[in-house]
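These notes are about the structure you will find just below.
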Amino acid sequence: MSKRWYSEHRSDPWRRKARQEGYRARSAFKLKEIQEKFSPIRLGDAVLDVGCAPGGWSQVACELVGNDGIVVGVDLQTTSPMDGAFFIIGDIQDKIIQDATREAFQGRVINTIISDISPDISGRYDIDQAVSIDLVTMLCDFSLPLLNPGGAFITKVFQGPGLDALVRALKRRFSKVHRFSPISSRNASSEIYLVCKNLKPHHGGLIQTVGDEILDSLAKDGIVDNSNDDEIIAKTGFSVHRKD
Ligand SMILES: C[S@@+](CC[C@H](N)C(=O)[O-])C[C@H]1O[C@@H](n2cnc3c(N)ncnc32)[C@H](O)[C@@H]1O
């Protein structure tokens, strides 16, 4: 770690505040800001928290849903146990983990999906940004079918190519989509949160997946070439997953 990282880390007021108030991560305050402005989480809700470790967002979600609610978190990393929450370790892109996530709700419909998912930072912004869009797209196609009509979806995403297409795809499915930058995000950060409220019944009657919509849009912008059905050629850092 660099000297600069250490001094920024030590002097970070949000980190200090998190320690003082017993939160596991400074990011807890980002969800608190989102909740204050948009109220996506209600008492008694069933909440899916994707990219949950070390558990700051899950702590805030548990406080908001109360004893009748449930919080299920998924992360590649281990999250220490927490009253009111159930954690799954694994990759949310993995079918086995997706099945385990569904089962953890024990038949309850999900009211709110919160995701602070972040790729492993490679240091090349074009690649990290493309992976971020890719992860969020996959998350939409996995999780939105599990969300109750009227439900909310909140996700972090890195700004850049594909973001406008993602927002357009979400606007077709939700009545309201807001782009929000919490003040507790680091100044230099290029992350943004999409806060989507009120999932339309039957997802607005759409047939195309979010992934396909974004791919079409990226192809129109010349960022990928999807003219060949068998192969999609990425012209930038985009990794493109083909559904079987
Ligand atoms: C910024 S951290 C989340 C912090 C968390 N919201 C909190 O308040 O404690 C982002 C997390 O996303 C997780 N992540 C990244 N890719 C993932 C994947 N494919 N499946 C599950 N978790 C993933 C990382 O392991 C990391 O813990």
>> Taking a cut-off of 28 Å, what percent of all Cα-Cα pairs in region 86-220 are separated by more than that?
In response: 15 percent
> Which entries of Lys17/Lys200; Lys32/Lys171; Lys17/Lys171; Lys32/Lys220; Lys32/Lys176 show an alpha-carbon separation above 29 angstrom in the structure shown?
Replying inline: Lys17/Lys200; Lys17/Lys171; Lys32/Lys220
> Under a GNM of the chain (C-alpha, springs under 10 Å), which listed residue has the highest mean-square fluctuation: Arg124, Arg168, Arg26?
Replying inline: Arg124
>> For the chain, I need the span (max minus min coordinate) of the C-alpha atoms along each principal axis, in Å, sorted largest to smallest.
In response: 55, 48, 32
> What share of the DSSP beta bridges in the chain is antiparallel, in percent to the nearest 5?
Replying inline: 45 percent
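Taking the Cα centre as origin and putting +1 on Lys and Arg beta-carbons and -1 on Asp and Glu beta-carbons, what dipole magnitude results for the chain, to the nearest 20 debye? It would help to have the intermediate numbers written out before the result.
Details: 31 positive and 32 negative charges, 237 e Å.
Roughly 1140 debye, rounded to the nearest 20.
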> For Asn148 and Asp94, what does the FRET efficiency come to when R0 = 30 Å and r is the distance between their Cβ atoms, rounded to the nearest 0.05?
Replying inline: 0.80
>> Sort 89-100, 63-74 by the packing proxy (mean of other Cβ within 10 Å over each peptide's residues), most packed first.
In response: 63-74, 89-100
>> Just to be sure I understand: with springs between alpha-carbon atoms less than 10 Å apart, which residue in Ala169, Ala18, Ala85 has the highest mean-square fluctuation in the Gaussian network model of the chain?
In response: Ala18
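Could the peptides 195-202, 110-117, 30-37 be put in order, highest first, of the mean number of other beta-carbon atoms found within 10 Å of their residues? Please report the intermediate quantities before stating the final value.
On the way: 195-202: 16.4, 110-117: 23.9, 30-37: 18.6.
So the peptides 195-202, 110-117, 30-37, ranked by packing, come out 110-117, 30-37, 195-202.
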>> Testing the spin-label approximation: label points 7 Å from Cα along Cα→Cβ at Asp225 and Ser118. State their distance in nm.
In response: 3.6 nm
>> What number do you get for region 34-107 when its Cα radius of gyration is normalised by 2.2 N^0.38 Å, N = residues?
In response: 1.05
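Bear in mind these aren't lab numbers, they're just calculated from the coordinates by the rules spelled out. Remember, predicted model here, so these are calculated numbers, not experimental data. We place every Cβ from the backbone using ideal geometry, glycine too, and count neighbours over all the protein chains shown.
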